[in-house]
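Contents: one structure, followed by commentary.
Derivation of every value follows stated rules applied to the coordinates shown; laboratory data play no part. Nothing here was measured: the structure is a model prediction, and the numbers come from that model. Quick reminder, even Gly has a Cβ in these numbers, built from the backbone with ideal geometry, and neighbours come from all protein chains shown.
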Amino acid sequence: MVSFGFKYGIPLDADHVVDVRFLSNPYWVTELRHLTGRDEAVSSYVLDLPGAAAFVERYADLVEPITAGYLAEQKPYLTIAFGCTGGKHRSVAMSERLGDILRERGFSVRNLHRDLGRE
């Protein structure tokens, strides 16, 4: 799982790229601007937005059968990249949540937040 900011470019090694810029940006909330998607306040803000939690749950449902295909093709890993504008808030919160869901379903997941601290 990789979070990134579109303004810094898409990760070249991503198998799937998920654009979460359709969600409201916590950057514009003064109290949240200095925080990241790893902070509970930002994570709650993002996941409480209309459609956000349902989106990540449905994406997890989509990923499960895809992993079987990757394994059948002898590809032992899948890189999913979540992008937002700067890679600090929405992409981090959503990739962390997807990672949690997939771990609960028995997958091994590693989260990397490529652009945190870059601003």
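Tabulated results
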read-out: Choice from GLY99, GLY87, GLY69 with maximal GNM fluctuation in the chain (Cα, 10 Å cutoff); value: GLY69
read-out: Simple spin-label estimate for ASP13 and GLU31 in nanometres, 7 Å along Cα-Cβ; value: 3.9
read-out: Formal net charge of residues neighbouring ALA54 (Cβ-Cβ distance under 14 Å; K, R +1; D, E -1); value: -1
read-out: The chain: relative contact order in percent, alpha carbon pairs under 8 Å with at least 6 residues between; value: 47
read-out: Built amide H within the under 5 Å cut-off of ARG118, gap 5+; value: none
read-out: Span-rule helices in the chain, defined as complete DSSP H runs reaching 20 Å or more along the axis (Cα) with Kyte mean at least -0.5; value: 52-72, 90-104
read-out: Sites matching chymotrypsin sites (Phe, Trp or Tyr not before Pro) across segment 1-91 that sit in DSSP coil, with at most 15 neighbouring C-beta atoms within 10 Å; value: PHE22, TYR77
read-out: Selection of trypsin sites (Lys or Arg not before Pro), segment 4-35, meeting DSSP coil and at most 12 other Cβ within 10 Å; value: ARG21
read-out: Whole-angstrom gap from segment 8-22 to segment 26-53, using each part's C-alpha centre; value: 19
read-out: Helix-only mean residue ellipticity at 222 nm for the chain, each DSSP H run of n ≥ 4 adding -39500 (n - 2.57), per residue, nearest 500; value: -12500 deg cm²/dmol
